[in-house]
Amino acid sequence: MRGTFSAASEQPVSVSVFFPAYGDAQTIGGLVDTAFRTLETVAPDHEVIVVNDGSKDNTAEVLAALQQKYGAGRLRIVTHPTNRGYGAALRSGFAAATKEFVFYTDGDGQYDPSEIAKLLSLAGPGVCWVNGYKTSRSDSRHRIVIGALYNLCAKTLFRIRLRDIDCDFRLIRRSCLDVPALTATSGTICLELVRQLETAGYRAVETPVSHLPRLHGQSQFFRPLPLLRTFGHIMALYWRIVVRPALALDTGAAATAPE
């Protein structure tokens, strides 16, 4: 039954870590190195995956060198020949993961992979997922304002309880993931994922995590056209996973009601 699962009492030690990467050649190496150093201490049974989502810089070359360093068995690379979007990169990462728990964070270096240890320490029996939340956001003022508005609107529209939907620093028990049901190819996949987990009744634990300044590259989100597209994607997702199921439920109830 969804919403329930069994779990051993010991701390989880089987973890897949993945990073979606698009134009992150300058940051992905440090993230992968930090992830391996951390996992060797807290989760001996682990794998690291990078989803290269059609990067146009030398991300592929950096990843090839990293794979030589760590071995193809420990570092796996999933390559999208063309850029398919953040949601598609997450779906590929989830599908590639094989361990009991799946952790992901972005490849731009604004989160610290060493804090995986904190999330693992909170993933005890009965906990399906552990989600970070930013205590302070290391971005410009207008990005902070837009991010806060996005979070507020998304939580209101989709009736989500999670404190910080926009914090892509998540550890999820793989048995709780219904990967085929995720369809978003854009950043709205985070809304889709959190809504899926909360609707299933899975227990979440939240913990503060660091948010670091972006030192390389530019965000693909905080621009007029991407923001407009995101608004359209949110409305389409709202219709598909909130409005349409509610209408179907009402229609079904009316059809079965006694005359």
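From the list T98, T79, which residue is more than 26 Å from K118 (Cα to Cα), polar (S, T, N, Q) and touching a helix residue (DSSP H, G or I) at 6+ places or on another chain (Cβ under 9 Å)? Sole residue among the options that is more than 26 Å from K118 (Cα to Cα), polar (S, T, N, Q) and touching a helix residue (DSSP H, G or I) at 6+ places or on another chain (Cβ under 9 Å): T79. Here is the figure for segment 177-217: residues that are more than 20 Å from R159 (Cα to Cα) and touching a strand residue (DSSP E or B) at 6+ places or on another chain (Cβ under 9 Å) total 5. The listed residues are K155, K99, K118, and the only one of them that is among the basic types (K, R) and touching a His at 6+ places or on another chain (Cβ under 8 Å) turns out to be K99. The residues listed here are L171, L182, L193; of these, the one that is under 22 Å from G107 (Cα atoms), in contact (Cβ under 8 Å) with a residue 60 or more places away in the chain and surrounded by fewer than 20 Cβ atoms within 10 Å (Cβ to Cβ) is L182.
In this structure, V62 qualifies as assigned to a helix (DSSP H, G or I), buried (at least 20 other Cβ atoms within 10 Å of the Cβ) and of a type in the set (V, I, T). Among the residues making up segment 200-259, those that are more than 24 Å from G87 (Cβ to Cβ), modelled with pLDDT of 90 or more and either assigned to a loop (DSSP other than H, G, I, E, B) or among the acidic types (D, E) (or both) are R203, S210. Taking the stated definitions as given, is T185 at pLDDT 90 or above, among the polar types (S, T, N, Q) and under 25 Å from G232 (Cβ atoms)? No: the conditions fail for T185. R161 meets all of the listed conditions (1) basic (K, R); (2) more than 22 Å from L191 (Cβ to Cβ); (3) not in a helix (DSSP H, G or I) but one, namely (2).
Look at segment 146-157: where a residue is farther than 18 Å from L193 by Cα and a partner is in a helix (DSSP H, G or I), sitting 6+ places away or on another chain with Cβ atoms under 9 Å, you get I146/L227.
Name the residue, out of G107, G87, that is among the small types (G, A, S), touching a Pro at 6+ places or on another chain (Cβ under 7 Å) and on the phi < 0 side of the Ramachandran plot. Result: G107 is the single residue among G107, G87 that is among the small types (G, A, S), touching a Pro at 6+ places or on another chain (Cβ under 7 Å) and on the phi < 0 side of the Ramachandran plot. Among the residues of segment 82-111, those identified as among the hydroxyl-bearing types (S, T, Y) and either over 18 Å from I172 (Cβ atoms) or not in a strand (DSSP E or B) (or both) are T82, Y86, S92, T98, Y111. Residues in segment 1-27 that are at pLDDT below 55 and aliphatic (A, V, I, L, M): M1, A7, A8. Residue check: D108 meets all listed conditions (1) surrounded by 17 or more Cβ atoms within 10 Å (Cβ to Cβ); (2) of a type in the set (D, E, K, R); (3) modelled with pLDDT of 95 or more; (4) out of contact with any helix residue (DSSP H, G or I) (no Cβ under 7 Å at 6 or more places or on another chain) but one, namely (3).
The values are calculated or read from the model by the stated rules, or taken from the named source; none is laboratory data. Here the structure is a predicted model, which is why all the values come from computation and not from measurement. Note: ideal-geometry Cβ built from the backbone for every residue, glycine included; neighbour counts use all protein chains shown.
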